[in-house]
């Protein structure tokens, strides 16, 4: 059996999702009813098949009901980070042509609801009051809980940011067929990781990220129970694994690092024997961190490498990784090619641009040029990473093609932050670089040259960070600021960024 609706009909009183630490739960029957109400509400707002709704909702049941509601009436839904500023939301809303956006309490943009009112689209608020904006809960409560008459399959419209920092919409065609038909992507993941109706999936990550969202879909449509952490707390996750008999989980390497920082007596205090698959991805995992996790949890750590574009993926089990430490695995349902600067495929062991050959079609929304830039002459596509393949066909990542900073699984783009820094009246020049960090993999460091060197104080560092936070939000604010008297530059004025990175690494 497959699809939430079928499990709602068969076992309506069984828990579909539980949220920690609040303890909120929703059954399959309630999930189905509220998804139908959400679908009717979106129809009431004028949305029709092919239209787009934006979802900026924290980890709470309404995220799931809006997602499932959009899926059953042929809508695209855009997952929006809860850390985005109003300006960032405005860009994605305009680019995706979203006609409605739903924003919950706890989102950074919700701190300025008057700014949301200026987005130029219908804005619905959840647990927030603002004159002139609709209350999503009230709108939903007024709707029928029956399945809409005009059901059709919808899907996500994910955004993957580019090297300039502006997000790129990843457009794929709406699926055809019955709204509750088998989805090959979900079914493939369910088969690969052994999901079934008796499985319990722990998701400690924000649901607006691509992988947590996709795994939530896999879990619910397989009839399994989803456990969602409202915020990440290492010990609370261990407690949940024991208390709820978790079988599957999804992580990023930063979370592994935090788990390993727990005292030995805490790490050993919980029964984790039901835990069979701990899946991780989103960013490279340091070899020593992964080794320690395998030593602790046993050979249940599964890694994947992919991207929001979905042009290809690799997978590796713990058993394979112990033989090929540092690898992200071998390709699944695709082929990997490593190309040199001239576009010619490189031999085993040589580092180059990583391309995937697959049948997964997509295009960047409204940006044919960008789509072309990631496509080889053969039609293969790249996520922009570089690396190599060993003699056994295992892929290793060595770097990013550009200076993108991957901090805790989140991509940060220096140029966007630098542009804001240069707006500060005290700053003469600025560069943002990624520096190694044990917990996050990398963090953003702002290196600035001041107009008046005498102002190089700790107070100025704090003021600069506050300046960026007010404009870009907390997630894009550099973790630290350093002062330089003179930047390393070419005679033409071009910054030697690699030299600056080497200086601080």
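The values are calculated or read from the model by the stated rules, or taken from the named source; none is laboratory data. Computed from a prediction, not measured in an experiment: that's the story for all the values here. Glycine also receives a Cβ, built like all others from the backbone with ideal geometry; neighbour counts cover every protein chain displayed.
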*Report, by residue number, each residue of the stretch 93-104 that is free of Cβ contacts under 8 Å to residues at least 60 places away in the same chain and over 18 Å from residue 41 (Cβ atoms).*
93, 94, 97
*Do any helices (runs of 4 or more DSSP H) lying entirely in the stretch 20-122 carry at least 2 residues that are at pLDDT below 95 and more than 20 Å from residue 143 (Cα to Cα), and which ones are they?*
86-96, 113-116
*Only residues that are outside any helix (DSSP H, G or I) and either out of contact with any strand residue (DSSP E or B) (no Cβ under 9 Å at 6 or more places or on another chain) or touching a residue at least 60 places away in the same chain (Cβ under 8 Å) (or both): list them for the stretch 232-255, please.*
232, 233, 244, 252
*Within the stretch 409-424, how many residues turn out to be in contact (Cβ under 8 Å) with a residue 12 or more places away in the chain and in contact with a strand residue (DSSP E or B) (Cβ under 7 Å, 6 or more places away or on another chain)?*
7
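Condition check ((1) modelled with pLDDT under 95; (2) part of a helix (DSSP H, G or I); (3) assigned by TED's automatic domain parsing to the domain that holds residue 169) across all residues:
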position: 337; (1), (2), (3): no, no, no
position: 348; (1), (2), (3): no, no, no
position: 361; (1), (2), (3): yes, no, no
position: 370; (1), (2), (3): yes, yes, no
position: 378; (1), (2), (3): yes, no, no
*Mind telling me which of the residues 281, 298 ends up being surrounded by fewer than 21 Cβ atoms within 10 Å (Cβ to Cβ), in contact (Cβ under 8 Å) with a residue 12 or more places away in the chain and touching a helix residue (DSSP H, G or I) at 6+ places or on another chain (Cβ under 9 Å)?*
298
*Out of all the residues in the stretch 390-406, which are surrounded by 21 or more Cβ atoms within 10 Å (Cβ to Cβ) and without any contact (Cβ under 8 Å) to a residue 40 or more places away in the chain?*
405
_Residue among 199, 163, 145, 203 that alone is in contact with a helix residue (DSSP H, G or I) (Cβ under 8 Å, 6 or more places away or on another chain), modelled with pLDDT of 95 or more and under 21 Å from residue 408 (Cα atoms)_ = 203
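Within the stretch 256-276, does at least one residue satisfy the condition of being under 15 Å from residue 329 (Cβ atoms), touching a helix residue (DSSP H, G or I) at 6+ places or on another chain (Cβ under 7 Å) and in contact (Cβ under 8 Å) with a residue 24 or more places away in the chain?
So in the stretch 256-276, the residues under 15 Å from residue 329 (Cβ atoms) come out as none.
No, the stretch 256-276 contains no residue that is under 15 Å from residue 329 (Cβ atoms), touching a helix residue (DSSP H, G or I) at 6+ places or on another chain (Cβ under 7 Å) and in contact (Cβ under 8 Å) with a residue 24 or more places away in the chain.
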*One residue from 66, 86, 92, 15 being farther than 30 Å from residue 239 by Cβ and touching a strand residue (DSSP E or B) at 6+ places or on another chain (Cβ under 9 Å)*: 92
*Of the residues that sit in the stretch 350-359 and are under 16 Å from residue 385 (Cβ atoms) and modelled with pLDDT under 90, which one is surrounded by the most Cβ atoms within 10 Å (Cβ to Cβ)?*
352
*asked:* Conditions first: (1) surrounded by fewer than 19 Cβ atoms within 10 Å (Cβ to Cβ); (2) touching a strand residue (DSSP E or B) at 6+ places or on another chain (Cβ under 9 Å). Residue 322 passes all but one, so which condition is the exception?
replied: (2)
